[in-house]
Amino acid sequence: MAEAGEGTNRPDRTTLAAFVTFVTLAGGNVIAVRSVSCEDCELDPFWAAASRFLLASLILAAIALVVRGGMPRGRALLGAVLYGVLGFGAAFAFAYWGLQRVSAGLGAVFLATVPLLTFAFALLHRQERFRWDGLIGGVFAVAGMAVIFREGLGAGVPLGSLLSLFAAAVCFAETGIVVKAFPRVHPVSMNAIGLGVGGLMLLVLAWLYGDSLACPSSRRRGSRRPTWCSSARSSRSRCTSTSCVAGRRARSRTRAC
């Protein structure tokens with residue numbers, strides 16, 4: 001009996017550890033997105049997301065070959081494609097665009113509504129049973145969202161940015177519901193396909209939106225790029241001016257004598 005109990009508890013611990021890791025990385029993800037695609041940053045939003053996801057897709061595709069994750073077919077492949085369309089293409093398009101003018105903290109609050117929205121969508125798709133505690137939590141969440149919208153608008157945040165972040169949360173929530181309606185796929189293969197599809201969508205958006213397809217560097221937009229040449233030139237100019245002043249003082253002393 002003890003062995004059976006231990007066997008049933010192990011998946012729960014693994015799932016809990018995976019969930020905690022996911023939540024931690026998701027929280028840092030908002031800060032990372034805000035730091036590279038803000039209005040004063042060097043990367044435009046859709047291009048920043050597209051380059052990130054396409055590179056990650058190639059890495060995961062290589063890992064899928066190593067672990068023999070396999071390539072889904074039929075309805076399983078359709079589910080993986082929809083996963084990429086909703087979970088990466090649409091969701092991150094809204095998230096990257098909205099976070100240009102919204103702080104990382106406020107953006108994280110919006111994305112924290114994903115579990116509640118997932119429960120609501122699960123009821124609509126008849127994947128979950130109605131629970132009163134879920135309804136009560138939904139009422140508090142709606143009230144909290146109203147307060148967030150009011151505070152954001154009062155602080156000068158554009159309404160379009162707030163709605164964009166809310167749309168991102170809706171896409172994230174719907175992704176978890178849609179995936180369950182299709183056959184299961186190896187997680188590495190699933191994410192490799194999803195990231196590839198989402199990355200291509202965002203690349204098209206970057207082209208349509210007129211994003212600058214620039215490579216990242218160590219400077220922000222509008223700032224002067226510090227180079228060794230400019231530093232050397234400024235050093236030489238300072239040295240030259242200093243030597244001129246010293247020479248003039250020496251000549252004036254000689255004349256005085």
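Laboratory data are not the source of any read-out in this text; all were calculated from the coordinates shown. Being a predicted model, the structure only gives us computed values, none of them experimental. Here Cβ is always computed from backbone atoms with ideal geometry, including for glycine, and neighbour counts include all displayed protein chains.
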Take segment 11-209, drop everything but the C-alpha atoms, weight them equally and run the Debye formula without solvent; then report log10 I(q)/I(0) at 0.12, 0.17 Å⁻¹ to two decimals.
-> -0.65, -1.26
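Using a 10 Å cut-off on Cβ atoms, rank the peptides 196-209, 71-84 from the highest mean neighbour count down. Please list the in-between numbers first.
Working: 196-209: 19.5, 71-84: 17.6.
The most tightly packed comes first, giving 196-209, 71-84.
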Pair THR21, LEU208: separation of 7 Å Cα→Cβ label points (nm) | 3.6
